[in-house]
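Take a look at the structure set out below.
The values are calculated or read from the model by the stated rules, or taken from the named source; none is laboratory data. Owing to the predicted nature of the structure, the values given are computational and were not obtained by experimental measurement. So basically every Cβ, Gly included, is an ideal-geometry build from the backbone, and we count neighbours across all protein chains shown.
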Amino acid sequence: MRKLETAFSLSPSSIPSSPFKFAPTITPTPTPNKMASSSHSHTLLLLLLLSLFHLSLQKKPLSLSFPLTSSPISKSLQSSAQLQTSSESPPFPYTYKSTFRYSMALIISLPIGTPAQSQQMVVDTGSQLSWIQCRRRKAPPSFDPSLSSSFSLLPCTHPICKPRIPDFTLPTTCDQNRLCHYSYFYADGTLAEGNLVREKIALSPSRSTPPLILGCAAASAPDAEGILGINRGRLSFVSQAKIPSFSYCIPRSSRNISNPTGMFYLGHNPNSRTFRYINLLTFPEGQRMPNLDPLAYTVPMSGIRFGRRRLNVSASAFRPDSGGSGQTMIDSGTQYTFLVEAAYQVVKQHVAAAVGPRLKRDYVYQGALDMCFDGNAIEIGRLIGEMAFQFDGAVEISIGRDRILDHVGGGVHCVAIGRSEALGVASNIIGNFHQRNLWVEFDLVRRRVGFGVAECSKAV
């Protein structure tokens, strides 16, 4: 089975690959209905990690000064499944900010170990396990454990090396050295495996996190670098480091700048006073539904608008049903947006009615996007109209006409929305393509997500 991971368009500067996240077939104890909960919890980016990491990242944090659209904070409806908000903030005594490169994914460089070794990682709100590449390699340089005084391996006797941990669904085994070993087999047969380890991340020259549990990959895609897993799981990076909030601002690509620079915050974002917030839908720790990822950032989506017209889609298509289908999540590790069938068909009907014969027949890009066109993208965008994803409390993510289509190569442009059901996914996923030119803040203490309009290319 496969789950959407990060899709990316094919341009002369892009790496040809599949536009999906792949759910790993996990050994030795695969879980039935894996696509339901654990696939979202452990979505590792596969081919996207290839040569994207050869890009150099700016290491020095920069100050921010740019305009945002100011809107009052509104109240949103609480789900009956929501947990009580903690009144105490986890101990994270300072703010960390860094730039990242946006190349169909958010690629950040983090200093890991003592002394620090810079490692490039994909920022992924859709997965839990963070891992780095420990295989010996010079370009790009992999992490060398022998050079770090704070590095340690987890033995098989460590409590984490037990598959009974409810929100850590990565099965583990003991290797021949009695060390805790994990294995991911991707849908295309690619293997990512290694040992679980403890290591520090240096967030400033004088401050580091405590030793965190990471994966130290010994085998993976040839040029893969790593994942920064930051979902709501207790072993994600933000949970282990007790970070109260994090945020990012994804810039738009252009013909002049193919891999623009965005900004990433851990801790307080000075622009948050302008953000509009929606409460996350959270679920009791013991609640399990076959098609639900309880660790995802699940949002109360209510509808989709084109122009002034709200499409005739029931709000129930965007909320988990009794089996968890219909969950809507914010995922930085998926490029395009994907909708369940009930919502997708209505969107496609609107697009087909708006553009008429311009819609390419019998054309599907990478098995996912089938609302595609030849010809003038500006004119087609004008015909389709401005789009918005609507949430509780009258909060919207507005998508301008110039951001409706993505160029996928050969003069073909596609609406950046795919069908979830065709890929075996029972969820709505708002990918990073539709998060561009927004501050997106994940407030882990108050269990909410905030959005603030910004020119992200000018945020650094």
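Within segment 115-150, the residues that satisfy the criterion of being out of contact with any helix residue (DSSP H, G or I) (no Cβ under 9 Å at 6 or more places or on another chain), surrounded by fewer than 24 Cβ atoms within 10 Å (Cβ to Cβ), at pLDDT 90 or above and part of a loop (DSSP other than H, G, I, E, B) are 116, 144, 148, 149, 150. One residue alone among 282, 337 is modelled with pLDDT of 90 or more and of a type in the set (S, T, N, Q), and that residue is 337.
Please verify whether residue 368 is more than 25 Å from residue 319 (Cα to Cα) and touching a strand residue (DSSP E or B) at 6+ places or on another chain (Cβ under 9 Å), treating the condition exactly as stated.
Details: more than 25 Å from residue 319 (Cα to Cα): no; touching a strand residue (DSSP E or B) at 6+ places or on another chain (Cβ under 9 Å): yes.
Considered against the rule, which asks whether it is more than 25 Å from residue 319 (Cα to Cα) and touching a strand residue (DSSP E or B) at 6+ places or on another chain (Cβ under 9 Å), residue 368 comes out as no.
Consider segment 215-235 and keep the residues that are assigned to a loop (DSSP other than H, G, I, E, B), in contact with a Leu (Cβ under 8 Å, 6 or more places away or on another chain) and at pLDDT 90 or above. The one that is nearest to residue 100 (Cα to Cα) is 231.
Just to be sure, is residue 377 over 26 Å from residue 124 (Cα atoms), in contact with a helix residue (DSSP H, G or I) (Cβ under 9 Å, 6 or more places away or on another chain) and at pLDDT 95 or above?
no
In the set (1) part of a strand (DSSP E or B); (2) over 19 Å from residue 436 (Cα atoms), the condition left unmet by residue 277 is number (2). Of all residue pairs spaced 6 or more apart or on separate chains, those with beta-carbon atoms under 9 Å, a first member in segment 244-255 that is within 26 Å of residue 446 (Cα to Cα) and in a loop (DSSP other than H, G, I, E, B) and a second member that is hydroxyl-bearing (Ser, Thr, Tyr) and at pLDDT below 95 are 244/89.
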